[in-house]
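Only one structure is covered here, and it is reproduced in the block below.
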Amino acid sequence: MRSNMFRTFRGRLALMYVSLELGILLFAGLLLYTALSNRVYNEVDEELTNQATSLASSLEDTSSYFWSAHMSNFADHYAGAIQLISANGLELFRSDRSLIDRGGNDISRALGISFRSGRPAFASTESLLNKANVRVIAFPIYRDNRIIASLLLGHSTSDIRSVFNLMYLIGGILGAISILISAGAGYYMAKRALDPIQEITRIARAVAAGDLSRRLTSRAQEKEIGLLVRVLNKMFADLETSFMAQKRFTADASHELRLPLTILKGEIEVALRHPRSEGEYQQILRQQLGTIDRIQRIVNDLLTLARADAGQLELVQTPVDLSLLLQEVGQQHLILFDSQHVALEMDIEDDLEIMGDATQIERTMMNLLSNAFKHAPEHSAIYLSATAVKESVIICVRDEGPGIAEEQQGALFDRFFRADDARCRKDGEGAGLGLAICKRIVDAHEGDIWVQSKQGEGSSFFVRLPLHRAETAHQQRVSDVMDAAKA
Ligand code: ADP
C-alpha cells in the first residue's frame, strides 16, 4: 500500500516536496547554528578578555603576597570559576573546583599556550551548548617583562544553552508544521492537476469501448491540461465523424450493390422457369449486361473513392491544355444533347493551361456535363465556360434544370447523396457517387468545387483549378540551371 502510494504522481510529488523542505530546513538550521554559536563564542570570549585584562592588570600592580586576598575578593563578585597557576606550575588560587580538572587536555593546552606565547588562549570544557560547559580564558600575568603566572577565568554557558533549547523547540515545531503543510499542499496540487487525467482515462476507455459520443467536460485551469482536453475532444469528435461516415458508407454501398444484384437474381430465376427461344435468351442477357454494367460502375467508383481516401489517387501530373480538353469534352456531348433538343453553349478562353491529370479532369467535366444534361429540360441550354481569374481558372457548368434546394447543397458532394429519394431510382441512374469523385479529383489538384443554385432556377457548378504558367515553369528551370551551375 505504501509503495503503491509513492508510485502515484501525487505521492511522489508530496514526497519530493517533503524531502526538499527537510533538506532546506536542515541546511538553514545548520547555517543558523554555526553563525549563532560563533557569535556567542565571540561575545563570551570578549567578556572574558575584558574581565581577565582588568584582573590581571590589578594583580600585576599588586605584590604577590596579596594576590590570594585580591583573588578571593574578586571571586566573591565573579559568577564563574577562577584559578591562578604560577609559571612553575603551582596552583596559587582557585575559587571552587579546579578548571584544569574539568576541562582536561583542552584547558591545559590553553594554559601552555598562554605561558609559551604570552598571549591569551581560549578553551571549552565541553561542547559550547552543553549545559555543564564552561568557556575558559588562560591569561598571562607579567612582572618585569616575564610571565610569572597565568590566570584562568571560566564562564558558564548554561544560560545560552536554554536560549538555544528554546530555539530548537520553536524551530522543530515550525519545521514540522511547514513540512506537513508542504506535503499536504503538494498532494492537493497534484490531485487537482490530475483530476482531469482521471476523467481523460475514464472517457478514453469509454470511447475505446465504442461509446464515441463521450466528451471531456473538465475545465482545467492549467494551460497544458486545458489544451490536452481540447485536442482529445477534437480527436474524439473526428473519430466519431469518420466512424459514422464509414458506417453510412458501408450501409449505402451494400444497399447500392444489393439492389442490382437482386434484380439480376430475379431476372435469372424468371428466365430459368421454362425453356425459351434463343432470341429471348439474348434479350434477357442484354438486360443483365446493363445491370452488370451498373454494378461495375459502382464498384469502380467505390474503388476510386477508397483510393482517394487512402491518398492513393494516382495523378499523372503533366501540363494540360484545358481549353482544348474542355472543347473536346463539349464536342463529345453535342450529339447526345441534340437528341433531347438541349443546346450546349461554350465560352472557353484560349490557352488555359493547368498542371494535372487530363484523364481525371476529363472525368470530372463529363460528370458535371452529364449531371446537367440529366436535369436539363427539353429545349433548354447548358452553358460551359472557362475563364482565367488571377492565378486560377474558373470553369462553370450551368443548366436550366429544376435546381437544388439550399438545404441539400451542403451534402451534394458526399458519397451516395442524391437530391431525390435514393431508394426509388430507376435502374441505370447514378448512385450518388459522381460529385463525390469530382470533389476528390479537384481536391487532389489543389482546387475547389462548389455549387450555386436556387430551386426552379437551374444550377451552376464551379470548379477552380490553379493555372500553370509556362513562363513560371521556364523561370523555375532557368533558376534550377543557375543553382546547379553555382553548386
Ligand atoms: P448521381 O451519379 O446519382 O447523379 P452525383 O453525385 O453526380 O450522383 O449527384 C448527386 C445528386 O445531386 C444527384 O442525385 C442529383 O439529385 C443532384 N444533382 C447533381 N447535379 C445536378 C444538377 N445539375 N441539377 C440538379 N440536381 C443535380
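The values are calculated or read from the model by the stated rules, or taken from the named source; none is laboratory data. Only a predicted model underlies this, so the values are computations on that prediction, with no experimental measurement involved. FYI the Cβ positions are ideal-geometry reconstructions off the backbone, even for glycines, and counts take in every protein chain you see. All accessible areas refer to the heavy atoms of the entire protein, side chains included, with ligands and DNA or RNA removed. Shrake-Rupley method; radii C 1.70, N 1.55, O 1.52, S 1.80 Å.
Might you check whether a residue that is at pLDDT 90 or above, open to solvent by 60 Å² or more (accessible area, probe 1.4 Å), more than 8 Å from the ligand (Cβ to nearest atom) and under 41 Å from the mean Cα position of the chain (by Cα) occurs anywhere in the stretch 427-440? The answer is yes; a qualifying residue exists. Within the stretch 161-214, the set of residues being without any contact (Cβ under 8 Å) to a residue 60 or more places away in the chain, under 27 Å from T34 (Cβ atoms) and among the small types (G, A, S) comprises S162, G172, A176. The set of residues in the stretch 374-396 that are farther than 27 Å from L305 by Cα, away from the ligand (no atom under 13 Å from the Cβ) and touching a Pro at 6+ places or on another chain (Cβ under 9 Å) contains only E391. Quickly run through the stretch 336-358 and pick out the residues that are under 20 Å from E400 (Cβ atoms) and either open to solvent by 70 Å² or more (accessible area, probe 1.4 Å) or not in a helix (DSSP H, G or I) (or both). Answer for the stretch 336-358, where residues must be under 20 Å from E400 (Cβ atoms) and either open to solvent by 70 Å² or more (accessible area, probe 1.4 Å) or not in a helix (DSSP H, G or I) (or both): L336, D338, S339, Q340, H341, V342, A343, L344, E345, M346, D347, I348. Scan the stretch 379-409 for residues that are free of Cβ contacts under 8 Å to residues at least 12 places away in the same chain and under 11 Å from M346 (Cα atoms) and the total you get is 0.
Taking the numbered list (1) within 16 Å of the ligand (Cβ to nearest atom); (2) modelled with pLDDT of 90 or more in turn, I354 passes all entries but (1). Restricting attention to the stretch 7-39, the residues being in a loop (DSSP other than H, G, I, E, B) and in contact (Cβ under 8 Å) with a residue 40 or more places away in the chain number 0.
Scan the stretch 244-276 for residues that are in contact with a helix residue (DSSP H, G or I) (Cβ under 8 Å, 6 or more places away or on another chain) and open to solvent by 80 Å² or more (accessible area, probe 1.4 Å) and the total you get is 1. Contact annotation: residue pairs with Cβ atoms under 8 Å, 6 or more positions apart or on different chains, pairing a residue in the stretch 347-367 that is in contact (Cβ under 8 Å) with a residue 24 or more places away in the chain with a partner that is surrounded by fewer than 20 Cβ atoms within 10 Å (Cβ to Cβ) and basic (K, R), are E353/R469. Based on what the data block shows, is V299 surrounded by fewer than 16 Cβ atoms within 10 Å (Cβ to Cβ), touching a residue at least 12 places away in the same chain (Cβ under 8 Å) and in a helix (DSSP H, G or I)? Against the criterion (surrounded by fewer than 16 Cβ atoms within 10 Å (Cβ to Cβ), touching a residue at least 12 places away in the same chain (Cβ under 8 Å) and in a helix (DSSP H, G or I)), V299 qualifies. Annotation note: of E43, E47, the sole residue that is surrounded by fewer than 19 Cβ atoms within 10 Å (Cβ to Cβ), of a type outside the set (F, W, Y) and over 60 Å from the mean Cα position of the chain (by Cα) is E47. N145 meets the conditions (1) on the phi > 0 side of the Ramachandran plot; (2) in contact with a helix residue (DSSP H, G or I) (Cβ under 6 Å, 6 or more places away or on another chain) in every case but one. The failed one is (2). None of D399, D321 is surrounded by 15 or more Cβ atoms within 10 Å (Cβ to Cβ) and within 16 Å of the ligand (Cβ to nearest atom) except D399. Of all residues in the stretch 162-185, none satisfies being under 18 Å from G80 (Cβ atoms), among the aromatic types (F, W, Y) and in contact with a helix residue (DSSP H, G or I) (Cβ under 8 Å, 6 or more places away or on another chain).
Applying the criterion of being open to solvent by 20 Å² or more (accessible area, probe 1.4 Å) and among the small types (G, A, S) to the residues of the stretch 404-415, the residue that is farthest from the ligand (Cβ to nearest atom) is G410.
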